Structure formats: C-alpha cells, structure tokens
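See below for the structure under consideration.
The values are calculated or read from the model by the stated rules, or taken from the named source; none is laboratory data. Because the structure is predicted, anything quoted here is derived from the model rather than measured. All Cβ positions, glycine included, derive from the backbone under ideal geometry; neighbour counts span all protein chains shown.
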Amino acid sequence: MSRPIFCQVSIAALQHNLQVAKRKAGAHKVWAVIKANAYGHGTAAAVQGFESADGLAMLDFSDAVLCRQLGWKKPILMLEGAFAPQDVQLALAQHLELIVHSHYQLEWLIKASPNRQASLPLKIKVNTGMNRLGFAPQDVQAVLQTVKDAKLSNQVTLVTHFANSDMSVADGLERPMVTPEQQLQAFVSAGGDLIAGSLTNSAAVLTEIQISHVLKAETQSEQGWMRPGIMLYGATPFGHRGAAQEGLKPAMVFGSKLIAVQHLKAGDQVGYGSRFTADKVMRIGIVACGYADGYPRHAPSGTPIAVNGQRTVTVGRVSMDMLMVDLTALPEADIGAAVQMWGDIVSVDEVAAAAGTIGYELLCAIATRVNRTVVN
Ligand SMILES: Cc1ncc(COP(=O)(O)O)c(C=O)c1O
C-alpha cells in the first residue's frame, strides 16, 4: 500500500467559486489569479476550472507559456511584469499583458522592437500606500509620458493593490494603517480611473460595504477588471468571516489515513518535545501527514482536523511525516480511517487560524511528494 496521503482538487468547486466572483463583478471582467501554481491547486486544473474567466493573472512566465500550451487563448496578465529583458520578447510572442512597476522595466520595453510593442497592453502600477511595488502617484504622469513618447503601447491603464482590504473595524484595528479609501484617493491623484483601472483582490470583492464605491465604479463598466485570487479556491482572506458564509466551496481536500492507534493513560505524553500530556485515559490516532507534506509544524494541540467525517483535534507536535489526533470521542475510528486535514469538513482557514497563519500559505505549501488528483 502506498502512503495514503493525497491532495484532491475539484474542478466543480473552482467553477462554482468563479461564478460567485463573477456575480459580484456584474458587468465587470475577472482576472482569475493563478500565481503560485494556482495557490497550490495546479495550473492545469485552474485553466480548466477558470475556463469562463475573462483572463488569467500570474507571475511566472513559464506558467504563462504552459497556459498557452494548454489552449488558453484569452488575456494573460503578468502581475509583476518582466523579471528580465527576454520576458518582454516572450510577452510579445505569447500575447501577455505586462504590469510595469519600475523604471528598469520601462527601459527593457524601450529597447525591445518598437513596432511590435504598440500591441502590448501595459498596466502601470501605482504605489498607493502599500510600498511594495509601483510608481509614486506624483511620478505616474511622467511615466505615462515616457510610454507615450516611446510609443510603447496603445493600451495603457493604471492599476494598484490594496494593503488592507481584508481588515475591517470588526477586527479591532490595533494601529493606524493605510485604508482602502486612502489608497483610492492616491490612485485618483495619480490619474487613475476607478472604472478602467484594476484594483480589487478577493477581500475587496467580498467587502462590498467597506469599499462599495470601488465595486460600484468597477461594476458599471465592462472596462474594469477585478483580480480575485484566494476566494476562487474556496478560502477567504478574513479571520472573522468564513468562506462558507460567502457561498464559496473549498476546491482542495488534503486528506490521509490513520496508520496506527495508541492508548494513553493519564500522564502519558505524546510526540517530540512531549508537548501534550493526557489528563485522562485517551485513544489517539497517528495520521500519515507531517510538515514534510505541507502541514504546518507550528499548528498547536487543539488544531481542528476530521476523522471518519467527524471533527476532532490534533494532539502533540507535528512531526516530519506524522501527526496525532484525539480519537477518544470517536471509538469507531481505527487504523485505515479517513482523515481530512482540510477541505469541506475542516476549512483551511480554520487550520490556518489555529496555526497563526493564513489559508494562502497552507494551500501553497502542499509538498511535491503528496499524490495529487483532480476530480470534476
Ligand atoms: C497584484 C495582485 N492582485 C491580486 C491578487 C489576488 O489577491 P487575493 O488572493 O487576496 O484575492 C494578488 C495576490 O496577492 C496580487 O498580488
């Protein structure tokens, strides 16, 4: 018997979540964000699941080539633009749209063949307060002039990215942070068009109340594009609001089986570092899943997990290839019982919250040694 751990991706769930995003988007177009191997779900599965998206947005040029090979004919947006001069040539050959966030990328574009560049759609990234990528608002007009003078493109729009659209007053903000509203003002001051620009990630799509004016502006026009990522995979950027509440379905089941059972008496300890001590007679199960599979090592005892379709919790420290679960209330669960680390019974967001991280990180971290399947 091969090791029973698996990662199963549902095309139907990807399709469903895209429809949720499209409903929110109204007339406005959707870039399905598929960077990082489609948030760990697999680029090929994403191309299939997001067939009805208006475009795919990603980071790696090899992924863009793969998408074209898989038959994706609609727009592709490269979220960080060119990493090297040859990426500009690849973008021209493969009809990829480029974000331009720095002057060196403009120089590469200028050096590439001028006639062909006019057909290359460019998105100028505005740094509206996140201070990660993009031109300062006061520099944007000069950048646009350079683009115009060099006849770099006849399809130029401005884009930006929110730093805190996943935060709300409900989270109890502990310190001042740049708000979506402040970023919108900076975007507009740079000459950004709230209708034609692309601004909204999943949190901004989902928090209609917080930034309804962006959503409204973007949904009024077919020119506007949203850029949802995490919600398409059935997880959310919020700690306080679950994906199910948003009508989203988890697209990934990370599962395994029990490979051993132990009986503990009060005082017995479990695993490396003896981090868990039984305070009563207990039955625990050993799961074929560890941090070398992508399960977070820092998940503490008490992290939710499901056995035989029923929720229980982990006990002790996660090891490289195994973790332990409490079976005391699950007398039927024995060796071979099905375990769900995350999926439709236990959400990846719950596990992430217990482990002090976000669902994004867990979804992206499934190890290559885990057997992957795709189901319709
Ligand atoms: C530029 C950009 N747009 C959109 C997204 C999608 O964000 P999310 O997965 O939070 O929807 C990301 C992801 O980090 C991003 O970097």
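For region 25-75, a residue qualifies if it is in contact (Cβ under 8 Å) with a residue 40 or more places away in the chain, in contact with a Phe, Trp or Tyr (Cβ under 7 Å, 6 or more places away or on another chain) and part of a helix (DSSP H, G or I), and exactly one does: TYR39. Can you find a residue that is under 21 Å from the mean Cα position of the chain (by Cα), assigned to a helix (DSSP H, G or I) and modelled with pLDDT of 80 or more anywhere in region 212-219? So far as region 212-219 goes, no, none of its residues is under 21 Å from the mean Cα position of the chain (by Cα), assigned to a helix (DSSP H, G or I) and modelled with pLDDT of 80 or more. Which of (1) at negative phi; (2) surrounded by 18 or more Cβ atoms within 10 Å (Cβ to Cβ) is the odd one out, the single condition ASN37 does not satisfy? ASN37 satisfies all of (1) at negative phi; (2) surrounded by 18 or more Cβ atoms within 10 Å (Cβ to Cβ) except (1).
The requirement of being farther than 24 Å from MET282 by Cα, surrounded by fewer than 22 Cβ atoms within 10 Å (Cβ to Cβ) and of a type in the set (A, V, I, L, M) is fulfilled nowhere in region 335-348; no residue meets it. The helices (runs of 4 or more DSSP H) located wholly in region 77-190 that include 1 or more residues which are aromatic (Phe, Trp, Tyr) occupy 103-111, 180-189.
Conditions (1) under 21 Å from the mean Cα position of the chain (by Cα); (2) within 16 Å of the ligand (Cβ to nearest atom); (3) buried (at least 20 other Cβ atoms within 10 Å of the Cβ), marked per residue:
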residue	(1), (2), (3)
ILE76	yes, yes, yes
GLN86	no, no, no
ILE99	yes, yes, yes
TYR104	no, no, no
LEU109	no, no, yes
SER119	no, no, no
LYS125	yes, yes, yes
GLY129	no, yes, yes
LEU133	yes, yes, no
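Cβ separations smaller than 8 Å between residues 6+ apart or across chains give the following pairs from region 355-368 residues that are within 13 Å of PRO237 (Cβ to Cβ) and assigned to a loop (DSSP other than H, G, I, E, B) to residues that are modelled with pLDDT of 95 or more and of a type in the set (Gly, Ala, Ser): ILE358/ALA352. When region 225-255 is limited to residues that are surrounded by 23 or more Cβ atoms within 10 Å (Cβ to Cβ) and more than 14 Å from the ligand (Cβ to nearest atom), the one that is nearest to GLN15 (Cα to Cα) turns out to be PRO250.
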